[in-house]
Amino acid sequence: MKRSPLFVLLLGVFLFPASLAAASSKKEEINKLAEKRFVEGQAKETARDYEGACEIYKEVATKYPEADSAASALFQCGLILDERLHEVDRALEIYKEVLSKYPNSRGSRKAEIRGMQIAPFTGKFAPVYREYQELTRVKEGIPYEEFEKRMMAIVDKTPDYPGADQLIFHLAKDFFRKDNYNKARHYYLEIIKRYPSTLSAAFAYKGLGDLEFIVKDYAMSVAYYDEATELAQKLGLEKPSPLQQKKARLYLQRHRALLGTFAVLALCGMGFLYVLPVRRPEALGAVLRSWAGASLAVLPLFAILFGVAWYLVSQARKDAINISGHEQWLVAAVYGYACVALLIGMFVQPGAKEKRAGKTVFWLSYSAALVAGLYCVFYAVDLLFYLEVALLGLEPL
C-alpha cells in the first residue's frame, strides 16, 4: 500500500522522540559505566597503585571513548606516568593521544604544555630524568652529603643532559640557604665554568653577587653583578636585581671612604704626636676633673640629639631600613665619641704652644679627626645606610 508523504512525516514525528530517548539513555548508561571505572582508578591512585590506576584510566578512554570522563581519564593516566612514575616517554605518548582524540577538552591545553616541558627529557635522557626525580623524592631521608654526591654523579655521567646546569644550581642554592658560602661559591663557579652562556650562568653570577655582598666583599659583588647584567642582556633578559646592584656600589664606595678615613685618622694621629706636650701635666687629676665636667656639660645637647634621632626615625618610610629602636645607642655612641674628642683636646692642646706651627697642626688635625671619627661612628652603627636610603630614595632589599 502506497504511503502518502503526510503519513511518513507524521510517523517520523512520533518515532523521533523515541529514538532520541533511546540514544540519551545509552549515553547515560555509558557515562555511568565510565564514571564507575574512573572512581575505581582514583581509588587505585589513592592506594599508590599507580600502574593499576593508569591501566583503568586507559581502559575508560578505550572502552568508553564517547564518555564525558574519557578525556580526563586519559590525561590523568599521562599525569601519573609523568609526575608519579617519571616515565616521560610513556607520558608524552599519552599527552599526544589526548591532543589527538580530545583536542577541545579541558585537559588538552595542560597536556600540550606539560608535553612541551618533558619533551627534552625523553629518549636517552629518560633514565637520567627518572633518577633525578627519585633522588629529589628521597632527599629529606638521606644525608645531604650523599644527595650532593649523587647529584654531581648525574651531571658528570651525562654533561649534555638538558637540565644539568639546573642540577648544579640546585646544589648552589641549597648551600646558600644553609649559609655554607664556600660550597655555594664553588657550585656557582662550576656552573659558569661548564655552562657559561646559559640562563643558569646569569643567575649564578647574580648569586655570587649576593654571596659576596653578604660576606662584605663589595668589590667582588659589584663585579659579579656586572657580569650577570652583561650575560642577561646577551640572552635578552632584564637586568637582574638593579636595586641590589646599586646598593652594592653604594656600600663599595662607603667602604672605600672608610679606608680613606682611616688614612686621615692616621695623619691626625701623627699631628697629635707632634704637638703632644713633652712633659706630663702636673695636675693630672685636675685635667681629668675638667674633662669630666666638660663632658657632662654637653649632655643636654645629646638629650636634644636623641629627640632629633627619634623624630627622624618616626618620620622614615615604613619600607626603609632604619635605626628604629636603636636611637639610644646612636646617641650613646656619638656622646662617647665627643667625650674622647674632648679628652684628646685637653691633653694634646697645651703642647701646641711649645711647637713650631703647633696651633695650626693641632687645629687641622683636631678638625679632621672630629669629622673622620664621626664618620666611623656612623659607619659602625649603620646609620649611613639609613641616611643613604632617605636621601637617595633607594629601596632596601
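None of the figures in this text is laboratory data; all of them are computed from the coordinates on show. If you're wondering where the values come from, they're calculated on a predicted model, not measured in any experiment. Please note: Cβ atoms are built from the backbone with ideal geometry, for glycine as well, and neighbour counts cover all protein chains shown.
Compared with the direct C-alpha span, the chain from Arg249 to Lys36 gains 70.1 nm at full extension, assuming 0.36 nm per residue.
Cα centroid separation, region 143-178 to region 213-243: 23 Å. Which entries in Lys110/Lys149; Lys216/Lys239; Lys96/Lys178; Lys27/Lys124 show an alpha-carbon gap greater than 32 Å? Over 32 Å apart, Cα to Cα: Lys110/Lys149; Lys96/Lys178; Lys27/Lys124. A simple rule links phi to the HN-Hα coupling: the Karplus curve 6.51 cos²θ - 1.76 cosθ + 1.60 with θ = phi - 60°, which for region 175-180 gives 5, 5, 5, 7, 6, 8 Hz, with x for Gly and Pro.
Could you calculate the FRET efficiency of Ser197 with Val377 from 1/(1 + (r/R0)^6), where r is the beta carbon distance between them and R0 is 35 Å, rounded to 0.05?
0.15
For the peptides 132-141, 240-249, the ranking by mean Cβ contacts within 10 Å, running from highest to lowest, is 240-249, 132-141.
Please find the FRET efficiency linking Glu83 to Asn104, where r is the Cβ-Cβ separation and R0 is fixed at 25 Å, and quote it to the nearest 0.05.
In this case the efficiency is close to 0.55.
Work through the residues other than Arg90 whose Cβ is under 14 Å from its Cβ and net out their charges, Lys, Arg +1 and Asp, Glu -1.
Surrounding charge for Arg90 is -3.
For the residue pairs Lys157/Lys234; Lys193/Lys247; Lys26/Lys63, the alpha carbons lie more than 23 Å apart in Lys157/Lys234; Lys193/Lys247. Once the Cβ-Cβ distance of Ala43 and Glu145 is raised to the sixth power relative to R0 = 45 Å, the FRET efficiency obtained is 0.65. Between Glu112 and Leu189, the contour length at 0.36 nm per residue exceeds the Cα-Cα span by 24.2 nm. Summarising the label geometry, the points placed 7 Å from Cα in the beta-carbon direction at Arg356 and Ala263 lie 2.8 nm from one another.
Partner aspartates and glutamates whose Cα lies under 18 Å from the Cα of Lys353, excluding those fewer than 8 positions away in the same chain, are identified as Glu282.
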